[in-house]
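Read the structure below first, then the notes.
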Amino acid sequence: MINKHQVKGEIKDIAGKVQEHAGKLVGNKEQEAKGLKKQVEGKAEKALGDVKEVVKDANHALKDAVKKH
């Protein structure tokens with residue numbers, strides 16, 4: 001399953017890549033830096049979403065294991 005943090009993070013990462021490349025095309029270092037920053041933020045948010053999914057899956061597995069015993 002995919003959660004909102006994974007989706008938002010991926011979108012922010014892609015937007016940052018676009019912004020970085022646009023900055024490179026026009027020679028604007030500030031836009032490049034903002035794009036890189038946005039990519040880092042996006043990757044961090046996606047990682048948060050990934051962790052939440054792992055915890056959720058582990059919680060479900062634990063509940064299933066408890067029900068079986």
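Quick notes
- Electrostatic bookkeeping for G23 treats Lys and Arg as +1 and Asp and Glu as -1; over the other residues with beta carbon under 14 Å from its beta carbon, the sum is +3.
- Heavy atoms of V51: accessible area, 1.4 Å probe, square angstrom to 10: 90
- Figure note: E30, E45 ranked by solvent-accessible area, largest first, 1.4 Å probe, ligands and nucleic acids not counted: E30, E45.
- Per residue of the chain, the DSSP helices (runs of n ≥ 4 H) give a summed -39500 (n - 2.57) that works out to -33000 deg cm²/dmol at 222 nm.
- Computed from phi, the 3J(HN,Hα) profile of segment 55-68 under the Karplus parametrisation 6.51, -1.76, 1.60 (θ = phi - 60°) reads 5, 4, 5, 5, 5, 5, 5, 5, 4, 5, 5, 5, 5, 6 Hz, with x in place of Gly and Pro.
- Ligands, DNA and RNA excluded, the heavy atoms of I14 present near 90 Å² of accessible surface to a 1.4 Å solvent probe.
- Applied to segment 40-54, the Karplus parametrisation 6.51 cos²θ - 1.76 cosθ + 1.60 on θ = phi - 60° returns per-residue 3J(HN,Hα) values of 5, 4, x, 5, 5, 5, 5, 4, 4, x, 4, 5, 4, 5, 4 Hz, with x for Gly and Pro.
- In the chain, Rg over Rh equals 1.32, where Rg is the alpha-carbon radius of gyration and Rh the Kirkwood radius from pairwise Cα distances.
- Dipole magnitude (debye, nearest 20) for the chain, charges at Cβ of Lys, Arg, Asp, Glu: 160
- Segment K43-V66, length gained on full extension (0.36 nm per residue, minus Cα span): 4.8 nm
The values are calculated or read from the model by the stated rules, or taken from the named source; none is laboratory data. The structure presented is a predicted model; accordingly, all values stated were derived computationally and were not measured. FYI the Cβ positions are ideal-geometry reconstructions off the backbone, even for glycines, and counts take in every protein chain you see. We work out accessible area using only protein heavy atoms, side chains counted, and drop any ligands, DNA or RNA first. Shrake-Rupley method; radii C 1.70, N 1.55, O 1.52, S 1.80 Å.
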